[in-house]
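A short worksheet on the structure shown next.
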Amino acid sequence: MNLEKVPNERKLTLCRKYYMAGFAFLPFMWAVNAIWFLREAFWAPPYPEQKQIRKYVIVSGIGAVVWLVGLIIWVIIFQEKRSDWGALGDQLSFIIPKGIP
């Protein structure tokens with residue numbers, strides 16, 4: 001979709017929908033929202049809805065980064081400590097590696 005052809009009210013509605021979808025544990029939607037509306041929020045000529053779009057873009061970007069950092073931390077901890085967790089680590093694993101931990 002070309003955002004230049006979309007009315008400003010529709011841009012705000014679409015931005016708000018992507019923002020709200022991120023709360024359903026879909027941080028990818030926040031990342032898409034932050035990237036897709038970045039130009040509209042900061043570099044487009046000013047219009048009334050731009051301030052709200054800017055708020056949604058900033059919060060969506062922060063939310064996506066927080067989720068990404070949390071996911072990376074979880075992967076690192078899981079990879080390092082899975083064998084120490086015993087049966088719980090095995091239950092959380094999809095593929096159980098063979099060999100001595």
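Laboratory data are not the source of any read-out in this text; all were calculated from the coordinates shown. On a predicted model such as this, the values are computed, not experimentally measured, just so you know. For neighbour counting, all protein chains shown are included, and Cβ atoms are generated from backbone atoms with ideal geometry for every residue, glycine included.
Give, as a single signed number, the net charge of other residues whose beta carbon lies under 14 Å from the beta carbon of Ile96, with Lys and Arg counted +1 and Asp and Glu -1. Spell out each step's value before the answer.
Numbers: positive: Arg82, Lys98; negative: Asp90.
That works out to +1.
Each listed q (0.14, 0.17, 0.20, 0.25 Å⁻¹) maps to a log10 I(q)/I(0) for segment 1-87 from the Debye sum over equal C-alpha point scatterers, namely -0.53, -0.68, -0.85, -1.14. Averaging Cα coordinates gives a centre for segment 39-101 and one for segment 8-37; these two points are 16 Å apart.
For the chain, what is the mean residue ellipticity at 222 nm derived from helices alone (per DSSP H run of n ≥ 4: -39500 (n - 2.57); sum divided by total residues; nearest 500 deg cm²/dmol)? Please list the in-between numbers first.
Details: 5 runs with 67 residues, N = 101.
Mean residue ellipticity, 222 nm, calculated: -21000 deg cm²/dmol.
Counting lysine pairs in the chain that sit 8 or more residues apart in sequence, or on different chains, and whose Cα atoms lie under 21 Å apart gives 7.
Short-range pairs are left out: with C-alpha atoms under 8 Å and at least six residues apart, the relative contact order of the chain is 23 percent.
Farthest toward the positive end of the dipole of the chain, out of Cys15, Phe94, Trp67, is the Cα of Cys15, where the dipole comes from beta carbon charges about the Cα centre. Sequence-ordered 3J(HN,Hα) estimates for segment 53-65 from the Karplus curve with 6.51, -1.76 and 1.60 and θ = phi - 60° stand at 4, 4, 4, 5, 5, 5, 5, 5, x, 5, x, 5, 5 Hz, glycine and proline given as x.
Between Gln52 and Phe28, the simple spin-label model (points 7 angstrom out along Cα→Cβ) gives 2.8 nm.
What dipole magnitude, in Debye to the nearest 20, does the chain give about its Cα centre under +1 on Lys/Arg Cβ and -1 on Asp/Glu Cβ?
Rounded to the nearest 20 debye, it is 320 debye.
Net charge in the neighbourhood of Leu12 (other residues with Cβ under 13 Å of its Cβ; Lys, Arg +1, Asp, Glu -1) is +4.
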